[in-house]
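The structure appears right after this line, and notes come after that.
The values are calculated or read from the model by the stated rules, or taken from the named source; none is laboratory data. Predicted model only: the values in this text are computed from it and were never measured. Glycine gets a Cβ as well: all are built from the backbone with ideal geometry, and neighbour counts include every protein chain shown. Surface areas here come from the heavy atoms of the whole protein model, side chains and all, with no ligands, DNA or RNA. Shrake-Rupley method; radii C 1.70, N 1.55, O 1.52, S 1.80 Å.
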Amino acid sequence: MTGQTFTWLFSPEKVDRPGNETFLPQGGISTAQTFEEGNPVLLLLATMIGLGLVAGVLLGGSLAGLKELHFKLVWMLFASLLIALIPVFVDSVHAHRRLFILATFAGILVFLVVNILSMRGEVRAGMVVIAIGWALNFIVIASNGAMPLSRWAYQRSGQTETVTQGTGGFYRVVLAGPHTKLRALGDVIPIRPYRQVVSIGDIVLVLGVAFVIAAAMRSVRRGASAEQPAQ
């Protein structure tokens, strides 16, 4: 998923059809890009959370169910995210960025697996969906050293801003081309309303998070605790 700060290899060019892309063998250059229509990452997060809340309410669930979610190894989740940020602030490790990204993905995958084993019922199923989405992104990034991005999808998503070169950057992206491995799992799906390009893994992740929220809400039905059984 292309975020507000990421790595690009190109400035947007006219692309007439899918597949009309050029593979560049050199590494990416970190860039920072500002969107005029708000942060698309926050919009996607709001969408997945909102989708889960709406589904939970429609299925008769209660917000009280969210209090029953207890995750294990939360420290590993935060530690993994911190590891991902190290190349952003420490230029000396920039050449080893791939190792940091792989460590981040692996750590979060461990967090997901442990919680899948500890959860029950529908919440566990939702965690499995999240893990599948995360694994799909992990596989394509590990195979290419970064997330492959379709130039066609970038244009179709409505992003036309000039790319500004910089240093650092949390999310590394490479331009997809004929030699890209597992290209279909890369950022190839344009989401024009959000001016964003996402991967199949991203979509599975969104659905998984919404699933977990709705399932947790369903675990506590609305009005279930309003009446106590007669003594």
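Overview of results
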| item | result |
| --- | --- |
| Long-range amide H partners of Val174 with built H, under 5 Å | Met147, Leu149 |
| Heavy-atom surface of the range 70-122, accessible at 1.4 Å and reported per residue (Å²) | 61 Å² |
| Using a Förster distance of 30 Å, the FRET efficiency for Ala184-Ala64 (Cβ separation, nearest 0.05) | 0.15 |
| Pairwise label distance in nanometres, Val54 with Ala125, each label 7 Å out on the Cα-Cβ vector | 2.1 nm |
| Positive-end residue of Pro87, Ile189, Ala106, charge dipole of the range 41-198 with Cβ unit charges | Ile189 |
| Calculated from backbone phi, Karplus (6.51, -1.76, 1.60) coupling profile of the range 183-195 in Hz, x at Gly/Pro | 4, 5, 8, x, 6, 10, 10, x, 10, 4, x, 9, 6 |
